[in-house]
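Read the structure below first, then the notes.
The values are calculated or read from the model by the stated rules, or taken from the named source; none is laboratory data. Small disclaimer: the values here were computed from a predicted structure and weren't measured. Glycine gets a Cβ as well: all are built from the backbone with ideal geometry, and neighbour counts include every protein chain shown. Ligands, DNA and RNA are excluded from the accessible area calculation, which covers all protein heavy atoms including side chains. Shrake-Rupley method; radii C 1.70, N 1.55, O 1.52, S 1.80 Å.
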Amino acid sequence: MKKSIFWIFTAALLSLTACHQPEELIPAQANKGINNLTVYPTWEGYHTADQSGFPSEIDYVKRIITIQVPYTLPVESDNVQKLEDYKNVWALFNLDDNATLEPKLITMDLTQTYTVTLTDQKKEQSVWTIKAKLAKSKACDIESFSIPSLGLSAVIDKSGATASLIYFNELQNTFADYTLSPHARIVPDPATTAFWCSPEKPKKFTVIAQDGVTKRDWILQQTEPARVEEGIRPGSGKLLWTAKLSSLGVPVLDMTTGIAATDQNLIIHTRGENPIVVDAKTGNPVGTVELGSIKGASSSYYMTSDHKGHLMVNNRVPDDGNILRIYRMRDLNSTPELFIEFPTTDVYGDHISVWGDLYGDATIQAAYCGWTSTGSTSTITWVVKNGEVVSQQPTWCQISGVGGWTNGDAIRLGTEANSDFLASGYSMNQLTWVDGNTNAAKNYIHGALSGNEGLKAIDAVNFNGVNYVAATMESFFTWGVAGDMWIFEAKYPETFTGSLEQDTANGIMAYPDITIFNLNNDDGNENSGCYGFYGGRANDGVNSNAVQDVKLHVSSDGYFMYGYFMFCNGYVGCVQFDCIAQ
């Protein structure tokens, strides 16, 4: 029976293939033998296989491999390197399958020249020379370009070497601020040489790299770049900068509570102090905000911002009495204006969130933040129409379908009192999507890593037609595993689900499919892993209350979304996304 089946199958197969030409069998081909060589500095004998690896240039004609040791390290610094500093590095070769090198180089001295024999896939041998040299950077990009006098920032497209200004009047005798690749220079220099530009006549600049040879022509144009269909451009998320709060001049521990963002600046608020202002794109300090008479440890407890970059400051009750006060400020130089007064004996003020425009239409939402044995999921919401509060008396609600919490945060996804909203808090640590009409939980992302973590700060914004929410979780102890920020797509409650889980044995953090960024996995820093590198592990003082904040801000031109995070006694930093079609 088995033979019959076999012959029937064979006959059928032959009939199907009889009218086809047999495919030509192509023998395996050798590639280049040596495809790549990367070396890694060693410290105390440990291999650091991260972004600190030095690449190589390979001359396949002369069979010379030249290891490119950065002339300055870090590349943006003025720390000129010496080959003598790299007498013991790890070597990582990428060879064709079945190709071998003799001698086998595991470590190298970059002050030496090596001769090796390559035996390739065909068993043919060739002799290669390996050496190292200090190599100046060939990067010649424009990283940012702005015209402060007009409040304009260009959209940078590195693939097309263009800087696009959304401005359609002629620019005359104009100067610009810019950021280039480290140690590069630009000709003509728009910071010192006035230039002209119009929609009909773009302006050309040449950026020359650190090596003085590599250069690239860039076009400054006045146009509106194309966008991706919706939301962020996949893969555009990148960590722009991080800094310890202590390095930015925060004067005291345990008192930094909130952050606010404008197009140009990030504002870091510390209780009882005038907030510190840093450049939003670099993290460099640029000044402070004067709070005047409201400044105090409890009277100016928390600060945030709306979607337009206007600032909001509030006190904390009952620490500052039994009246919750909320102030607004148009910009960094404004005097705080009392906006809301709400008598209450409950505990509010740790976090208050805004959706919309405080001087237009907005919702302001605060979650109960007291410490109780059972917790609470209550929130209060004010509605702002045409810059005026509809009522000083907020709308109160109790969320159903989720356990209680303490120290929560909540934000509406719209400017109406019944808009759906997102909420979270310790110790349920569930980022919950709530029905704005019924106040019932629709779905949630579970975020509990352990009993000593707090998912206590969230923020949301609409970017290029899609809602996004950012959340931070911090540990109550330096040995905790949190100190993390996630950004999720919040399009539909049906897909707003999943769990943040940690595999401590393998150092891997799992997260839902709707996650577009996870700080401790996507930052490119192997030291961070999923172990709270930016939070408690910064160890500038125990963050015993797990104080944290997060802020999403969309640039006024609508092309960039920035995610900012802050962990008290730890780090503050910035992640950038864009929606530019490339």
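List of remarks:
- Gly235 meets the conditions (1) in contact with a His (Cβ under 6 Å, 6 or more places away or on another chain); (2) among the small types (Gly, Ala, Ser); (3) open to solvent by 60 Å² or more (accessible area, probe 1.4 Å) in every case but one. The failed one is (1).
- Within the stretch 187-220, the residues that satisfy the criterion of being touching a residue at least 40 places away in the same chain (Cβ under 8 Å), part of a strand (DSSP E or B) and surrounded by 20 or more Cβ atoms within 10 Å (Cβ to Cβ) are Phe205, Val207, Trp218, Leu220.
- Residue match in the stretch 257-270 (condition: open to solvent by 50 Å² or more (accessible area, probe 1.4 Å) and at pLDDT 95 or above): no
- Residue check, Val116 among the aliphatic types (A, V, I, L, M), open to solvent by 40 Å² or more (accessible area, probe 1.4 Å) and out of contact with any helix residue (DSSP H, G or I) (no Cβ under 7 Å at 6 or more places or on another chain): no
- Listing of strands (runs of 3 or more DSSP E) fully contained in the stretch 410-482 that carry 2 or more residues being surrounded by fewer than 24 Cβ atoms within 10 Å (Cβ to Cβ) and either aromatic (Phe, Trp, Tyr) or in contact with a Gly (Cβ under 6 Å, 6 or more places away or on another chain) (or both): 441-446
- Matching residues, the stretch 222-273, being without any contact (Cβ under 8 Å) to a residue 12 or more places away in the chain and farther than 24 Å from Glu290 by Cα: Glu229, Pro234, Gly235
- Enumeration of residues in the stretch 94-104 that are open to solvent by less than 30 Å² (accessible area, probe 1.4 Å) and either modelled with pLDDT under 95 or more than 42 Å from the chain's Cα centre (by Cα) (or both): Asp96, Ala99
One line per residue, one yes/no per condition, for (1) over 20 Å from Lys281 (Cα atoms); (2) at pLDDT below 90; (3) crowded, with 21+ Cβ neighbours inside 10 Å:
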residue: Asp522; (1), (2), (3): no, yes, no
residue: Gly529; (1), (2), (3): yes, yes, no
residue: Asp540; (1), (2), (3): yes, yes, no
residue: Asn545; (1), (2), (3): yes, yes, no
residue: Asp549; (1), (2), (3): no, no, yes
residue: Phe560; (1), (2), (3): no, no, yes
residue: Met566; (1), (2), (3): no, no, yes
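- Whichever residue in the stretch 568-582 is more than 19 Å from Arg271 (Cβ to Cβ) and among the aliphatic types (A, V, I, L, M) and, among such residues, is most open to solvent (accessible area, probe 1.4 Å): Ala581
- When restricted to residues that are outside any loop (DSSP other than H, G, I, E, B), open to solvent by less than 70 Å² (accessible area, probe 1.4 Å) and modelled with pLDDT under 90, the stretch 121-151 contains 0.
- Number of the condition not met by Arg63 [criteria: (1) more than 34 Å from the chain's Cα centre (by Cα); (2) open to solvent by less than 80 Å² (accessible area, probe 1.4 Å); (3) touching a residue at least 24 places away in the same chain (Cβ under 8 Å)]: (2)
- In the stretch 394-409, residue least open to solvent (accessible area, probe 1.4 Å) [restricted to those that are closer than 19 Å to Asp306 by Cβ and either modelled with pLDDT under 95 or not in a loop (DSSP other than H, G, I, E, B) (or both)]: Asp409
- From Val89, Val116, residue being out of contact with any Gly (no Cβ under 6 Å at 6 or more places or on another chain), over 30 Å from Asp217 (Cβ atoms), among the β-branched types (Val, Ile, Thr) and modelled with pLDDT under 95: Val89
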